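I have placed the structure first, in the form of structure tokens, so that the comments after it can refer back to it.
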């Protein structure tokens, strides 16, 4: 397992457009899907990564806690499903249903969306404001498998709360760490 940090793209860049299938509903999800929202959280995750497994309950809790607020949330998996079959769409669907995700979970078969976002690891988080400019990227919180820090989502939650309140983000933006995205050969 290669420990890979986020690339930490420059703040202020525009959210890349995308059109991806939701593995649960089959609907096509895009930036336009969230056009009525004040903020958009894009999470690159997968099923097999121990770093995602460590925080997956918190990701589901985030969805529940921010339901009804003006934030769109979408999870995307871009891993090479041929070489990592646990990350194939049917298994992602099972994960979403097991965790009761209330947000779309999309599969990026071409990996073009992950590359456009400069995603590097799972989990990797990108938060955009109403104008869809990047305002936060990096870690969920300080917890990692084995470091005995509680999974709270504190860093990401602080950033989301600031954006929803129209306030500047004051939390330190540290790279997320996780498994590298499994790029196709």
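Derivation of every value follows stated rules applied to the coordinates shown; laboratory data play no part. Because the structure is a prediction, the values reported are computed rather than measured. Every residue, glycine as well, gets a Cβ built from its backbone with ideal geometry; the counts of neighbours run over all protein chains shown.
What the table shows:
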read-out: Förster-model FRET efficiency, 25 Å R0, residue 165 and residue 61, C-beta, rounded to 0.05; value: 0.80
read-out: Rounded to 5, the percent of DSSP beta bridges in the chain classed as antiparallel; value: 70
read-out: Contour excess over end-to-end distance, with Cα ends at residue 28 and residue 158 and 0.36 nm allotted per residue; value: 43.8 nm
read-out: Most mobile listed residue (160, 45, 29) in the chain, GNM with C-alpha springs under 10 Å; value: 29
read-out: Most mobile listed residue (165, 67, 114) in the chain, GNM with C-alpha springs under 10 Å; value: 165
read-out: Sequence ranges 14-27, 79-92, ranked by mean other-Cβ count within 10 angstrom, highest first; value: 79-92, 14-27
read-out: Overall form of the chain per C-alpha gyration tensor (a/c, 1.5; a/b vs b/c); value: rounded
read-out: Residue-averaged [θ]222 nm for the chain, counting only DSSP H segments that reach four residues, each worth -39500 (n - 2.57); value: -7000 deg cm²/dmol
read-out: Fewest-first ranking of 113, 33, 122, 170, using other Cβ atoms within 10 Å as the exposure measure; value: 170, 33, 113, 122
read-out: FRET efficiency, 1/(1 + (r/R0)^6) with R0 22 Å, evaluated for residue 86 and residue 184 via beta carbons; value: 0.90
